[in-house]
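Q: Next up is a structure, given as structure tokens.
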Amino acid sequence: MNKKTVILYALLFCAVAVISPWIGPESITPSDVFSPAFAATAPAKEIFLYQRIPRVLLALIAGGTLALTGAVFQVLFRNPLVEPFTLGISGSSALGAFIIILYPSLWVKWGPFSSVQLFAALGAGACLFLIYSLSQRPEGVSIYTLLLAGVTISIICSGAILLLTYLSDPHSLVVFQHWMMGGIDVIGYKSLYSLSPLLIPAAAVLFFHSKELNHMALDDEMAVGHGVDIKTVRRNVFIGGGVAAASVVSVVGPIGFVGLIVPHAVRRLSGFDQRTVLPCSFFLGGAVLALCDAAARTIIAPTELPVGIITAVIGGPLFIRLLVSRRIHKL
Amino acid sequence: MIELKNIIHRFPGSDWELDIPSFSIQSSEIMGIIGPNGSGKSTLLRISAGLLNPVKGMVHLSGSNIRKIKRKEIAKKIGFLPQETGSEYDFTVKELVQMGRYSHTGTFGTLRSTDFEAIRESIKSTDMEKMSNRRLSQLSGGEKKRAFLASVLAQNPDILLLDEPTSSLDIHRQGQFFHLLLGLAKQGMGVVVVTHDVNFASLFCQKLIFLSDGKLISKGDPKTVISKEIIKEVYGEDVLLGRHPETNNPFLLPRLLIKKSNE
């Protein structure tokens, strides 16, 4: 691991964390925030503490997690074009979210988890279970079947969503479309609490396997010869990455391109050692999404854009550039 | 020491069968496995490394059934260099060689002074010192092979299993490579090398195994096992057999090519 590089990315992450809460349609100054509680500037303080800070924290964590899972899936599947949503996580969680939006009678509330979040997570969980079961072979998990099954589930979910869209009422459709655009416009810290039970252990599993992921970039026999138990690593990284991505998507919706572009940027800038790539992807992914969100809430202020639109506008051209790059096979 | 006991292996949906009687891989010697394409050389090597479980028979590593030993423990004793070596990512030589220390490091993969020493030694012994900071994409085929060998040597194994390691090397590099193996064997390492080059195997190996169609045809000292009859049986080819003027080891040339060139 290149500690200096990781520290550099961490500093960028911290800098964005400190700066971005001050950016937004409402002008907030440090004197507003640090004034006594019952002063005239209390609303600004409220906005800062209960809207801006949780929103920035969620952007940092969500962006970081999407980039982290993108980085591990790209090496796991030995495919530079894989992102967290390639496995059908996006489509299945969207289907879960759409079902609960359409049928409010199914609403459940469990601790800090909202109904949409629970159903989106349920959809993603079912998808992960299904494609993992389909990919089981006597010699371990087949990564090719995993990938193909994920793409197939994605297509099936898209079909189901189209059918539900045709059958749904306009109000539900608007709510669903907003969710699909991806958003981190949360109020309070409940969403952050609800992320932690699944996200923290899942991310820990991914970081724990970062050194084995270096070997996964080699041919299987070379990796096994080095002493890596590739069956266990594949299983753990797939489940860890899937759960981490699903837990984030269930809260913020399918925010595209962060998980695809950021790991490539990190590898171009800082080399291929996964022990460096993984933490740096997390830090850069978080910083990028927080900055995109800052742009989303200021570009056409006082109206806010869903952050998914910003990431798509920036990420799309970058992705095309990546696609035509002659170095793509080395990324 | 690796002991193979009455190995039989079949691949699903295939009539082909590997049927090898018991033999062992000893320390301090180079054993060559020779045979035509599809004779079972690589399969035998993969079974020896514990990468493939035979349908029948057992492989013992230092007296224990290899199937019951964890991969990390096997990697400390057996170094395996497959025929296909490639990487999805463009690692530097040093990064690749560091990966060879995986089995010796703990949970966080922190390298200690002994690890750095092993890395330095393996880079030095494969003559990759000047290229240690180069990326794999900047190396020739032969240099890449040596970089991967260095990562296997960094494991500090007792036994080295190599699948056609010299296939992409010129004659000079092949000689250097076999000299390197000879040096490792003198230090006590057991080396098994799958090769198509009977002449290099004759010069450098202490023991040869000839395979044909999954069967062991002959086994023993190169000076005794390399004969016209054995080569005819293994390859179905008449050869000209000669003796190395300095070592008296047998070498061979294909007769067919000479006939054609005289026509």
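Q: Taking the stretch B:130-188, which residues are assigned to a helix (DSSP H, G or I), within 20 Å of B:ILE74 (Cβ to Cβ) and not hydrophobic (A, V, I, L, M, F, W, C)?
A: Here is the first cut: in the stretch B:130-188, the ones assigned to a helix (DSSP H, G or I) are B:130-131, B:136-138, B:141-153, B:171-186.
Keeping just the survivors that are within 20 Å of B:ILE74 (Cβ to Cβ) gives B:148-153, B:184.
Correct list: B:SER151 only.
Q: Mind counting the residues in the stretch A:204-234 that are facing chain B (nearest Cβ under 7 Å), in contact with a His (Cβ under 8 Å, 6 or more places away or on another chain) and part of a helix (DSSP H, G or I)?
A: 2
Q: Would you confirm, using the coordinates I've provided, whether A:TYR193 is free of Cβ contacts under 8 Å to residues at least 40 places away in the same chain and more than 14 Å from chain B (Cβ to nearest Cβ)?
A: Details: free of Cβ contacts under 8 Å to residues at least 40 places away in the same chain: no; more than 14 Å from chain B (Cβ to nearest Cβ): yes.
Against the criterion (free of Cβ contacts under 8 Å to residues at least 40 places away in the same chain and more than 14 Å from chain B (Cβ to nearest Cβ)), A:TYR193 does not qualify.
Q: From the list B:ALA201, B:ALA154, which one is of a type in the set (A, V, I, L, M), more than 14 Å from chain A (Cβ to nearest Cβ) and crowded, with 22+ Cβ neighbours inside 10 Å? Show your work before the answer.
A: Values: B:ALA154 fails: more than 14 Å from chain A (Cβ to nearest Cβ).
After ruling out the rest, the residue left standing is B:ALA201.
Q: So if I check each of A:THR86, A:THR69, which one is at pLDDT 85 or above, closer than 18 Å to A:GLY123 by Cβ and of a type in the set (Ser, Thr, Tyr)? If you could, list the steps in order and put the result at the bottom.
A: On the way: A:THR86 fails: at pLDDT 85 or above.
Unique residue meeting the criteria: A:THR69.
Q: Looking at B:LEU96, B:LEU111, which is the one that is more than 7 Å from every other protein chain (Cβ to nearest Cβ) and surrounded by 18 or more Cβ atoms within 10 Å (Cβ to Cβ)?
A: Details: B:LEU111 fails: surrounded by 18 or more Cβ atoms within 10 Å (Cβ to Cβ).
Being more than 7 Å from every other protein chain (Cβ to nearest Cβ) and surrounded by 18 or more Cβ atoms within 10 Å (Cβ to Cβ) holds for just one of B:LEU96, B:LEU111, which is B:LEU96.
Q: Which numbered condition trips up A:ILE200, out of (1) at pLDDT 90 or above; (2) surrounded by 14 or more Cβ atoms within 10 Å (Cβ to Cβ); (3) of a type in the set (Val, Ile, Thr)?
A: (2)
Q: Still on this structure, please answer the following. Out of all the residues in the stretch B:83-93, is one or more more than 9 Å from chain A (Cβ to nearest Cβ), farther than 16 Å from B:ASP158 by Cβ and surrounded by fewer than 20 Cβ atoms within 10 Å (Cβ to Cβ)? Show your work before the answer.
A: Going residue by residue through the stretch B:83-93, those that are more than 9 Å from chain A (Cβ to nearest Cβ) are B:93.
Still in the running and farther than 16 Å from B:ASP158 by Cβ: B:93.
Retained after the next criterion (residues that are surrounded by fewer than 20 Cβ atoms within 10 Å (Cβ to Cβ)): none.
Checking the stretch B:83-93: not a single residue is more than 9 Å from chain A (Cβ to nearest Cβ), farther than 16 Å from B:ASP158 by Cβ and surrounded by fewer than 20 Cβ atoms within 10 Å (Cβ to Cβ).
Q: While we're on this one: Among (1) in a helix (DSSP H, G or I); (2) within 15 Å of the chain's Cα centre (by Cα); (3) within 30 Å of A:HIS215 (Cα to Cα), where does A:GLY256 come up short?
A: (1)
Q: Okay, moving on. Quickly run through the stretch B:86-117 and pick out the residues that are among the hydrophobic types (A, V, I, L, M, F, W, C), free of Cβ contacts under 8 Å to residues at least 40 places away in the same chain and closer than 20 Å to B:LYS130 by Cα. Before you say what the answer is, go through the steps one by one.
A: Taking the stretch B:86-117 and keeping what is among the hydrophobic types (A, V, I, L, M, F, W, C), we get B:91, B:93, B:96-97, B:99, B:108, B:111, B:116.
So of that shortlist, the ones also free of Cβ contacts under 8 Å to residues at least 40 places away in the same chain come out as B:108, B:111, B:116.
Across the stretch B:86-117, the qualifying residue is only B:PHE116.
Q: Provide a single number: the residues in the stretch B:114-143 that are within 12 Å of chain A (Cβ to nearest Cβ) and of a type in the set (D, E, K, R). Before the answer, list the steps.
A: Of all residues in the stretch B:114-143, those within 12 Å of chain A (Cβ to nearest Cβ) come to B:133, B:135-138.
Retained after the next criterion (residues that are of a type in the set (D, E, K, R)): B:135.
Looking only at that region, the number is 1.
The values are calculated or read from the model by the stated rules, or taken from the named source; none is laboratory data. Keep in mind that what you see is a predicted model, and the values were worked out from it rather than measured. So basically every Cβ, Gly included, is an ideal-geometry build from the backbone, and we count neighbours across all protein chains shown.
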